[in-house]
C-alpha cells in the first residue's frame, strides 16, 4: 500500500480537532477501503518552523518509505515563521526574516522532492481579530493576514520554478464561511475545530495534483 507522510506543525498535527484527526486523518478516512487507500504518517509537531522541518523531515520520511513504492510527501507549510513579536525588544519583527524563510523553504522542498512525489500546501487562514496569540511565559505573537497572503505567492512561485505542485490554502479558505466559523469557535484564532479541518481535507481532496499523485503509477 502506498505510504504518505504529512510534514508540518500544529495545523498538520490537528491541534483543536475534537476528533484528533486533523486534515491528514480526514483525508486518510476518505480513501479507506478504496483502491486509492494509503498508509498515513502524521509528522506534524506544533510550534515548529520550516528550519525545524528541514532538520528532521527527510530522515523521518525516508525511514517510513523503506521498501515501499510510489511514496508521497505532503508539506503543510504553516504560519509559525510568519508571526511577528507583539511585545519586547523585537516588537513588530518577524520570527523568521524573509531571506532566511525563503532559503529554508527552497532547501526543504529540494530535500523532500528528491525522495518522493512532493505536494506543498500553503499556510492557512487565521482570525486576525483575535491576535496577538498569547503564550505562557513567552512573548505574544502577532499573525497577520497580509503576511500569509504575501508568502503564499512567494511559495507558489518557488514551487512553480521547481515543478512542484502548490495549493494556495489561504486563498481557498478565504472563500469558506464554514472555515471562518470554525476558527471563531476554536480556542485561539489559529486552529479550527474539526469542522474546519474537514473543509481543508475536502479542498485538498478535490485538488487535481492530489488526485494525480494518487493515480500515478508506482515508481
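Here are the numbers for this structure:
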item: Scan of the stretch 62-73 for residues that are in contact (Cβ under 8 Å) with a residue 12 or more places away in the chain, part of a helix (DSSP H, G or I) and within 11 Å of residue 43 (Cβ to Cβ), ordered by number; result: 64
item: Residue check for residue 121: touching a residue at least 40 places away in the same chain (Cβ under 8 Å) and touching a helix residue (DSSP H, G or I) at 6+ places or on another chain (Cβ under 9 Å); result: yes
item: Exclusive hit being out of contact with any strand residue (DSSP E or B) (no Cβ under 8 Å at 6 or more places or on another chain) and within 18 Å of residue 24 (Cβ to Cβ), set 149, 172; result: 172
item: Positions within the stretch 93-106 being touching a residue at least 24 places away in the same chain (Cβ under 8 Å), assigned to a loop (DSSP other than H, G, I, E, B) and in contact with a strand residue (DSSP E or B) (Cβ under 9 Å, 6 or more places away or on another chain), in sequence order; result: 95
item: Residue match in the stretch 60-67 (condition: touching a helix residue (DSSP H, G or I) at 6+ places or on another chain (Cβ under 8 Å) and at pLDDT 95 or above); result: yes
item: Residue within the stretch 72-86 that is loosely packed, with under 13 Cβ neighbours inside 10 Å and either out of contact with any helix residue (DSSP H, G or I) (no Cβ under 8 Å at 6 or more places or on another chain) or under 22 Å from residue 131 (Cβ atoms) (or both) present; result: no
item: Residue within the stretch 20-38 that is assigned to a loop (DSSP other than H, G, I, E, B), under 18 Å from residue 205 (Cα atoms) and at pLDDT 95 or above present; result: yes
item: Filter result for the condition that a residue is over 30 Å from residue 69 (Cα atoms) and surrounded by fewer than 17 Cβ atoms within 10 Å (Cβ to Cβ), over 206, 172, 150; result: 150
item: Residues of the stretch 130-171 satisfying the condition of being in contact with a helix residue (DSSP H, G or I) (Cβ under 9 Å, 6 or more places away or on another chain), part of a strand (DSSP E or B) and more than 16 Å from residue 78 (Cα to Cα); result: 165
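Residues checked against (1) part of a loop (DSSP other than H, G, I, E, B); (2) touching a strand residue (DSSP E or B) at 6+ places or on another chain (Cβ under 9 Å); (3) over 24 Å from residue 164 (Cβ atoms):
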| site | (1), (2), (3) |
| --- | --- |
| 5 | no, yes, no |
| 11 | no, yes, no |
| 52 | no, no, no |
| 60 | no, yes, no |
| 75 | no, yes, no |
| 90 | yes, yes, yes |
| 108 | no, yes, no |
| 112 | no, yes, no |
| 119 | no, yes, no |
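The values are calculated or read from the model by the stated rules, or taken from the named source; none is laboratory data. Since we're looking at a predicted model, the values are computed, not measured. Here the Cβ is made from the backbone with ideal geometry for all residues, glycine too, and neighbour counts use every protein chain on show.
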